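The values are calculated or read from the model by the stated rules, or taken from the named source; none is laboratory data. What you see is a predicted model, and the numbers here were worked out from it, not measured in a lab. Backbone-built Cβ (ideal geometry, glycine too); neighbour counts: all protein chains shown. These area figures cover heavy atoms from the full protein model, side chains too; ligands, DNA and RNA do not enter into them. Shrake-Rupley method; radii C 1.70, N 1.55, O 1.52, S 1.80 Å.
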Amino acid sequence: MTIPAYGANAADQPLEPLQIHRREPGPNDVQIEISFCGVCHSDLHTVRSEWGGTLFPCVPGHEIVGQVSAVGDQVDGFKVGDTVGVGCMVDSCQQCPSCLEGDEQYCTGGGFVGTYNGTTTDAPGHTLGGYSQRIVVDANFVLHIRHPKEQLAAVAPLLCAGITTYSPLRHWDVGPGKKVGVVGIGGLGHMGIKIAHAMGAQVVAFTTSESKREDARKLGADEVINSRNSEEMEAHAGSFDFILDTVAASHDLDALTELLTRDGTLTLVGVPEHPHPSPTVGNLIFRRRSIAGSLIGGIAETQEMLDFCSEHGIVADIEMIRIQQIDEAYDRMQRSDVKYRFVVDNSTLAA
Ligand code: NAP
Ligand code: ZN
């Protein structure tokens, strides 16, 4: 079947209306009519080929929420009319140790299949994401949404920004008694603040935007630091158990490792176009500090995060856009001018 979508034909071209193919649902598939799709900075990195390797036409979008419109005859966890989500993955080998342990994002049996720019036998030979009217996904990669229906648009960003921050916060045991930093208050960062606060940690937000200082407290930060103010930074030297760095551009990491306590960890989730300057070894060895990385989260953990957010009343702070405004939204995201996630109203694809 052919459906309307929005995407780019080349890295230096704006996004435009496209007609794309979706497969008929197979026995294990769920077909979803997409209501809303969040706009992740990874969409921008990919469509403009900042990381290289982008396949065109490129239809981004991996923060998908919508309603089930058909299910294959082997599917028993979903039925027509269910409210569901799809995040950054639509498949994996489901057999390697990572997949069997619920860490499909670290699949070693060929790697997970991304919701866009991933390998598929469907036309045109690579996956096409959520800036589209409909998607067909293996039921193992579909999530149940239990938030109230009127919050659906603001739930979409949980599918990437939510899980990408929840997973490392859980992995590094963030909770009561822990002092946690969240660097960069964008789509990921604002979710990180909300989730770390709900986990009971003392949360400090780091921003380069003075205009976000007040907001960050409303999001759940106990304190806010302008990371370009060295006095404010130095006042926290050696005090953080964990720092989550969501910044989408290369920057100095030493200013952050200095803030960690003995055995503290700085975990990077931002994937800048250009590498960070090499960090100073001395900052690490004298206090046995670590720099780590983390990639989205597994499917079971994504469901756990959605349920955690539903129980704690957590959704994203969003600005809804028509799909025709997507290039303008990218330009604003590039300037850190979004509070705090753009979400596409997919009904505007029909306009
Ligand atoms: P975003 O909404 O654009 O937020 C990034 C924030 O970083 C900005 O709002 C800004 O916050 C800060 N920032 C930007 N440029 C900066 C600079 N030059 N120096 C210091 N701070 C700067 O992006 P996002 O969607 O949250 O994504 C963030 C990054 O994570 C992207 O690289 C994305 O590709 C990556 N990502 C990784 C994963 C994963 O699994 N690891 C998953 C999703 C996304 P302030 O205004 O507060 O300074
Ligand atoms: Zn993303």
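Details
- Hey, Gly72 open to solvent by 30 Å² or more (accessible area, probe 1.4 Å) and away from ligand 2 (no atom under 14 Å from the Cβ) or not: no
- Among (1) open to solvent by less than 50 Å² (accessible area, probe 1.4 Å); (2) over 27 Å from Leu349 (Cα atoms); (3) of a type in the set (A, V, I, L, M, F, W, C); (4) touching a helix residue (DSSP H, G or I) at 6+ places or on another chain (Cβ under 6 Å), the one test that Cys96 misses: (4)
- Residue match in segment 103-112 (condition: within 28 Å of Ala196 (Cβ to Cβ), surrounded by 24 or more Cβ atoms within 10 Å (Cβ to Cβ) and within 15 Å of ligand 2 (Cβ to nearest atom)): yes
- Enumeration of residues in segment 120-158 that are among the acidic types (Asp, Glu) and within 16 Å of the chain's Cα centre (by Cα): none
- Number of residues in segment 118-147 that are farther than 19 Å from Gln74 by Cβ, open to solvent by 50 Å² or more (accessible area, probe 1.4 Å) and among the polar types (S, T, N, Q) equals 2.
- Filter pass, Ala216 being closer than 19 Å to Gly186 by Cα, touching a residue at least 60 places away in the same chain (Cβ under 8 Å) and out of contact with any Asp or Glu (no Cβ under 7 Å at 6 or more places or on another chain): no
- Test for Val180: is it of a type in the set (Val, Ile, Thr), away from ligand 1 (no atom under 14 Å from the Cβ) and under 30 Å from Leu260 (Cα atoms): yes
- Close pairs (8 angstrom Cβ cut-off, 6 or more residues apart or separate chains): of a type in the set (S, T, N, Q) in segment 249-270, within 16 Å of ligand 2 (Cβ to nearest atom) and open to solvent by 10 Å² or more (accessible area, probe 1.4 Å) anywhere: Ser250/Pro272; Ser250/Glu273; Thr267/Gly293; Thr267/Ser294
- Filter result (assigned to a loop (DSSP other than H, G, I, E, B) and either polar (S, T, N, Q) or in contact with a His (Cβ under 8 Å, 6 or more places away or on another chain) (or both)) within segment 11-30: Gln13, Asn28
- Output for segment 261-290, where each listed residue is closer than 16 Å to Ser239 by Cβ, within 16 Å of ligand 1 (Cβ to nearest atom) and in contact with a helix residue (DSSP H, G or I) (Cβ under 6 Å, 6 or more places away or on another chain): Leu266
- Condition check for Val269: more than 15 Å from ligand 2 (Cβ to nearest atom), within 20 Å of the chain's Cα centre (by Cα) and either at positive phi or among the aliphatic types (A, V, I, L, M) (or both): no
- Helices (runs of 4 or more DSSP H) completely within segment 151-226 that count 2 or more residues being in contact with a Leu (Cβ under 6 Å, 6 or more places away or on another chain): 161-171, 187-198
- Leading residue by the ranking (nearest to Ala5 (Cα to Cα)) among those in segment 37-66 that are surrounded by fewer than 17 Cβ atoms within 10 Å (Cβ to Cβ) and without any contact (Cβ under 8 Å) to a residue 60 or more places away in the chain: Phe56
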